[in-house]
Amino acid sequence: MSSQEEILSDGRFSRITRDPRFWEMPEKERKVKIDKRFRAMFHDKKFKLKYTVDKRGRPVNYTSTENLKKFYALSESDSDLSESDSKEHTEKKKKKKKGKPKGQADS
């Protein structure tokens, strides 16, 4: 028998299987639901930090937006809006880049 099975079969620890404090949290409940007011934090440059080392000094290559996506999720009603808004946001950036340079005047 494995050690996990031995613990569960022991009478002293049988309470653990019935106690909700020791149950694993469901996937749907792990992430904090946020509404549409805060959806900008997933694509705004102000919230993006690039990490080169972790807290123990080991080299890593990820950004803070990956952490945000790991811990936060848009609420059900806002998730559809966020996908369309992110597409619009990228389209607006492209349009701004295609604009006329500041040195030229309209004739």
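The values are calculated or read from the model by the stated rules, or taken from the named source; none is laboratory data. Keep in mind it's a predicted model, so treat the numbers as computed, not measured. Cβ coordinates were reconstructed from backbone atoms using ideal geometry, including for glycine residues, and neighbour counts include every protein chain displayed. Side chains are part of the model used for accessible areas, which takes the heavy atoms of the whole protein and leaves out ligands, DNA and RNA. Shrake-Rupley method; radii C 1.70, N 1.55, O 1.52, S 1.80 Å.
Residue by residue, here is whether (1) assigned to a helix (DSSP H, G or I); (2) modelled with pLDDT of 85 or more; (3) open to solvent by less than 100 Å² (accessible area, probe 1.4 Å) holds:
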{"residue": "R21", "(1), (2), (3)": "yes, yes, no"}
{"residue": "E24", "(1), (2), (3)": "no, yes, no"}
{"residue": "K28", "(1), (2), (3)": "yes, no, no"}
{"residue": "R37", "(1), (2), (3)": "yes, yes, no"}
{"residue": "M41", "(1), (2), (3)": "yes, yes, yes"}
{"residue": "Y51", "(1), (2), (3)": "no, no, yes"}
{"residue": "R56", "(1), (2), (3)": "no, yes, no"}
{"residue": "N67", "(1), (2), (3)": "yes, no, yes"}
{"residue": "D80", "(1), (2), (3)": "yes, no, no"}
Filtered residue count, region 1-19, keeping only those that are surrounded by 10 or more Cβ atoms within 10 Å (Cβ to Cβ) and assigned to a loop (DSSP other than H, G, I, E, B):
2
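Within region 95-102, is even one residue open to solvent by 70 Å² or more (accessible area, probe 1.4 Å) and modelled with pLDDT of 85 or more?
For region 95-102, residues open to solvent by 70 Å² or more (accessible area, probe 1.4 Å) and modelled with pLDDT of 85 or more: absent.
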List every residue pair whose Cβ atoms sit under 6 Å apart, with the two residues 6 or more apart in sequence or on different chains, where the first one lies in region 30-59 and is at positive phi and the second, anywhere, is open to solvent by less than 100 Å² (accessible area, probe 1.4 Å) and of a type outside the set (A, V, I, L, M, F, W, C).
none
